[in-house]
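Participant: Just passing along the structure, written as structure tokens.
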Amino acid sequence: MAEIILEVKELVTYFSLPDGFARSVNGITFKIEKGKTMGLVGESGSGKTVTALSIMGLIRDEPGIVEGEIIFQEDGNKQNLLAGLEQYCEVERQDGKIDLVRKDCIKWNKRYEKNMRGIRGKKIAMIFQDAVASLNPLWTVGTQIQEAILLQGLCEEKAEARTRTLEWLKRVHIKKPELVHNAYPHQLSGGMCQRVMIAMALASRPSLLIADEPTTGLDVTIQAGIVELLKELRSELGTTILFISHNLGVVAELTDEIEVIHNGRVLR
Ligand SMILES: Nc1ncnc2c1ncn2[C@@H]1O[C@H](COP(=O)(O)OP(=O)(O)OP(=O)(O)O)[C@@H](O)[C@H]1O
Ligand SMILES: [Mg+2]
């Protein structure tokens, strides 16, 4: 039987807005089989990024609420990434509409962080929608990859982390790794920043990679290069991928299965 690596059940994520609570994700359910690539497509504002951030435990805007179950399973260990959060959040509803939310933000965030320990960035990694903006402008890209490698405990020595960083830059087909290692994000093109993000995400050998619009904003030939790179690394590393995009052509080329999301719900 196929092994399920991620199962999202009735995920609801909502934020408080001046005129009430808005459900950005409104009861999403899907499964991803180990080793497969699943596409999540939908129009702008349909809730793709919020779904990804909920899985990564990165909903931090107060009071952002995440409900439902996100079950991550690996090597026989099953873990609900949202376990225990409900005890820190009380929701009053009237006619199905959220009326009042009482949330102990400190305890809620502490529990969310505890659930994600050893998972975020290590077992589940993410390539963010805007590669240039998600890199730190004050650090060279090499330092950022190196720090990620050290933080994930993949090696202890700085020199070894540097060697691994250069290997990863080569692996994502950056032609002059030494030069790029010492460059700041603004000195690189969008496509190169995207390659750097891919290197940083995969350096920890995650079992699941969430790629949020990794090719959007890049011109067509660069897009094709990034898709080829993801295909190549996927077959080399066996990584399961949740590939988010509104570009159906790219999704069709890369994925085994597609879920369509509209207004925070999966269409079936
Ligand atoms: N922090 C937040 N606070 C309030 N509302 C938010 C927040 N983040 C996202 N939203 C809202 O949630 C909805 C879904 O946003 P999301 O970013 O997931 O869309 P998306 O499908 O990724 O769109 P795009 O294709 O443009 O990236 C949008 O209406 C957005 O305005
Ligand atoms: Mg998005």
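Participant: Which ones in the stretch 209-223 are of a type in the set (A, V, I, L, M, F, W, C) and at pLDDT below 90?
Facilitator: Of everything in the stretch 209-223, those that are of a type in the set (A, V, I, L, M, F, W, C) and at pLDDT below 90 turn out to be LEU218, VAL220, ILE222.
Participant: Same structure, new question: Taking the stated definitions as given, is ASP256 within 22 Å of GLU33 (Cα to Cα) and charged (D, E, K, R)? Talk me through it step by step, then tell me what you get.
Facilitator: On the way: within 22 Å of GLU33 (Cα to Cα): yes; charged (D, E, K, R): yes.
In short, yes.
Participant: Within the stretch 222-240, how many residues are free of Cβ contacts under 8 Å to residues at least 12 places away in the same chain and more than 25 Å from LYS122 (Cβ to Cβ)?
Facilitator: 2
Participant: Exactly one condition in (1) away from ligand 2 (no atom under 16 Å from the Cβ); (2) in contact (Cβ under 8 Å) with a residue 60 or more places away in the chain; (3) not hydroxyl-bearing (Ser, Thr, Tyr) is false for LYS78; which is it?
Facilitator: (2) is the only condition that LYS78 fails.
Participant: Got a sec? Which of ILE98, ILE106, ILE55 is surrounded by 17 or more Cβ atoms within 10 Å (Cβ to Cβ), more than 30 Å from THR215 (Cα to Cα) and among the aliphatic types (A, V, I, L, M)?
Facilitator: Criteria check complete, one pass: ILE98.
Participant: Being surrounded by 15 or more Cβ atoms within 10 Å (Cβ to Cβ) and either touching a strand residue (DSSP E or B) at 6+ places or on another chain (Cβ under 7 Å) or part of a loop (DSSP other than H, G, I, E, B) (or both) is the filter here, so list the residues in the stretch 112-129 that pass it.
Facilitator: ILE119, GLY121, LYS122, LYS123, ILE124, ALA125, MET126, ILE127, PHE128, GLN129
Rundown of residues vs (1) within 16 Å of ligand 1 (Cβ to nearest atom); (2) under 24 Å from THR143 (Cα atoms); (3) of a type in the set (Val, Ile, Thr), yes/no style:
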{"site": "ASN182", "(1), (2), (3)": "no, yes, no"}
{"site": "LEU188", "(1), (2), (3)": "no, yes, no"}
{"site": "ARG195", "(1), (2), (3)": "no, yes, no"}
{"site": "MET200", "(1), (2), (3)": "no, yes, no"}
{"site": "LEU229", "(1), (2), (3)": "no, yes, no"}
{"site": "SER235", "(1), (2), (3)": "no, no, no"}
{"site": "SER245", "(1), (2), (3)": "yes, no, no"}
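Participant: Name the one entry in ILE32, ILE55, ILE71 that is under 20 Å from GLY118 (Cβ atoms), within 16 Å of ligand 2 (Cβ to nearest atom) and modelled with pLDDT of 95 or more.
Facilitator: Of the residues listed, the single one that is under 20 Å from GLY118 (Cβ atoms), within 16 Å of ligand 2 (Cβ to nearest atom) and modelled with pLDDT of 95 or more is ILE55.
Participant: Modelled with pLDDT of 90 or more and outside any helix (DSSP H, G or I), is that true of TRP139?
Facilitator: yes
Participant: Which of the residues spanning the stretch 14-63 are in a strand (DSSP E or B), of a type in the set (A, V, I, L, M) and within 17 Å of GLU259 (Cα to Cα)?
Facilitator: Matches in the stretch 14-63: VAL25, ILE28, ILE32, MET38, LEU40, VAL41.
Participant: Scan the stretch 205-220 and report the pairs whose first residue is within 19 Å of THR240 (Cβ to Cβ) and whose second residue is part of a loop (DSSP other than H, G, I, E, B) and within 12 Å of ligand 2 (Cβ to nearest atom), with Cβ atoms within less than 8 Å and a gap of 6+ or a chain change.
Facilitator: ASP212/PHE128; ASP212/GLN129; GLU213/GLN129; GLU213/HIS246
Participant: Another one. Out of everything in the stretch 46-89 that is over 16 Å from ARG120 (Cβ atoms) and charged (D, E, K, R), what residue ends up being farthest from ligand 1 (Cβ to nearest atom)?
Facilitator: ASP75
Participant: Still on this structure, I have one more. Given the condition in a loop (DSSP other than H, G, I, E, B), away from ligand 1 (no atom under 16 Å from the Cβ) and out of contact with any helix residue (DSSP H, G or I) (no Cβ under 8 Å at 6 or more places or on another chain), answer yes or no: does some residue in the stretch 3-13 qualify? Steps first, answer last, please.
Facilitator: Residues of the stretch 3-13 in a loop (DSSP other than H, G, I, E, B): 3.
Subsequent filtering for residues that are away from ligand 1 (no atom under 16 Å from the Cβ) retains 3.
So of that shortlist, the ones also out of contact with any helix residue (DSSP H, G or I) (no Cβ under 8 Å at 6 or more places or on another chain) come out as 3.
So far as the stretch 3-13 goes, yes, one or more of its residues are in a loop (DSSP other than H, G, I, E, B), away from ligand 1 (no atom under 16 Å from the Cβ) and out of contact with any helix residue (DSSP H, G or I) (no Cβ under 8 Å at 6 or more places or on another chain).
Participant: Of everything in the stretch 169-204, what is free of Cβ contacts under 8 Å to residues at least 40 places away in the same chain, outside any loop (DSSP other than H, G, I, E, B) and surrounded by fewer than 21 Cβ atoms within 10 Å (Cβ to Cβ)? Give them in sequence order.
Facilitator: LYS170, PRO177, GLU178, LEU179, GLN187, GLY191, listed by residue number.
The values are calculated or read from the model by the stated rules, or taken from the named source; none is laboratory data. Worth saying up front: this structure is predicted, and the values here are computed from it rather than measured. Positions of Cβ are backbone-derived with ideal geometry, glycine not excepted, and every protein chain shown enters the neighbour counts.
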